Amino acid sequence: MLSSTWTFEQYKGAIIGYKIKDILFKEESDYQLVEILESEDYGKIMLLDGCMMVNEKDEFFYHETIAHMPMSLVQNAEKVLVLGGGDGGTVRELAKYSQIKEIILVEIDGKVIEASKKHLPQTACGFDDPRVKICVQDANEFLKTTSANSFDVIICDGSDPVGFAEILIQKNFYELIKKALKSNGVFITQSGSPLAQEEECKKTWKNLNLVFEHCNFAWSLVPCYPGAVWSFMLASKQDFGKYLNTELPKNCKFWNKEIFQALMSKPAFFTKLLSEN
Ligand code: SPD
C-alpha cells in the first residue's frame, strides 16, 4: 500500500499528475508496461508505458464518442470490428445496440484484456456480452486475412501511434481497412489531440484522404489525455455525414443526438490545422 504517491504523464512541455492510493497491477507484457493504479479522485486508471489510457471518472467521453459516432452514421450495422480497445470500454458501448449481431475485438496485448477484466469491471463489462469475440492478434495481420466487405463499422481504438502502434496511421493499414469495410460502412479512428499532437492529427488525415473517397473529422473531450481536446477521424467509401441510426443507445453519460451535431461541428483551429497538410 502506498501513501501520497503521484503518477505523472509528461507529453512534450506539459505534465498531468494523479495522486495514487494503490498499485493494483503492474506487469511487463511482450509489448509494454501494463499498470492499473487506484487513484485518489479519478477511480482506477490504466497506463500503458506510462501513458494514460483510461480512468474510471472520464473514460465515458472517449468511449461513447468512438463507439456512437460511427454507429450513428450507419443504418442497421450488424457486424462491428474493434482494433485495439483491450480495456473493453468501446465494446461496452457497442453492446448497447440490439441491432448488432457480432462484435470482433482484435487486441495485440492479451495482458491488457486480462488486467482490465480483473481490475476495471466498470469498463470491461462488455466482454461478457455473447456477441463479442476476442482475438489476441496484431490488427494489421488480422486485416490481411479478413475477407473483403466484411464489416459495417470498423473502430480503431489504439494507443498513440508510436512503436508497435505506428502502423495504425499508415496508408497500407487504411487500405486493408477499406477492403474489410462494406460499401456503406464507416471507419473511425482516434487521432490524437489537435492541440498537443498536431503532427499525428495531420498525418492521420493525410493518409486517410489518400485511401478513402470520403473523410470527415470530429472532436471530443478527454480531460485525462494531453491537450484534453481530442480528435476522431471518419472514413467511408460512400458519402456520409448525416445522423441515420434510429436506435439511440441507453444509459449514456455524454452521448445524444445534439452532442453528435456538436462534435461534428468544425472549430476553425482544427480545420486550419488539417488544411496545412
Ligand atoms: N494518449 C493516449 C491515447 C490513447 C487512445 N486510446 C485509448 C484507449 C481507450 N480504450
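The values are calculated or read from the model by the stated rules, or taken from the named source; none is laboratory data. Note that the structure is a prediction, hence the values are computed from the model and not measured. Ideal geometry is used to build each Cβ from the backbone, glycine not excepted, and the neighbour counts take in all protein chains shown. Quick note on the areas: whole protein, heavy atoms, side chains included, nothing else; ligands and nucleic acids left out. Shrake-Rupley method; radii C 1.70, N 1.55, O 1.52, S 1.80 Å.
For this structure, a couple of remarks:
- Accessible area of the chain belonging to carbon and sulfur atoms, whole % at 1.4 Å probe: 51 percent
- Computed over segment 232-273, the ratio Rg/Rh where both radii use C-alpha atoms and Rh is Kirkwood: 1.01
- Rg/Rh (Cα only; Kirkwood hydrodynamic radius) as it applies to segment 59-274: 0.92
- Exceeding the 27 Å Cα-Cα cut-off - candidates K237/K266; K178/K203; K57/K257; K178/K253: K178/K253
- Cα centroid separation, segment 54-128 to segment 219-261 (Å): 14 Å
- Cleavage-rule hits, trypsin sites (Lys or Arg not before Pro), segment 223-277, DSSP coil, Cβ neighbours within 10 Å at most 12: K242, K250, K253
- FRET efficiency, D128 to K179 (Cβ-Cβ, R0 30 Å, nearest 0.05): 0.45
- Overall, the ratio between the Cα radius of gyration of segment 160-249 and 2.2 N^0.38 Å, rounded to two decimals, is 1.12.
- The chain, relative contact order [Cα under 8 Å, separation at least 6], %: 17 percent
- Note on the chain: with a GNM built from Cα contacts shorter than 10 Å, the maximum mean-square fluctuation among Y174, Y97, Y11 falls on Y11.
- Whole-number percent relative contact order across segment 133-239, with pairs defined as alpha carbons under 8 Å at least 6 apart: 27 percent
- Taken over segment 1-99, the alpha-carbon convex hull comes to 124 cubic angstrom per residue.
- Segment 4-55: proportion of alpha-carbon pairs further apart than 18 angstrom, %: 25 percent
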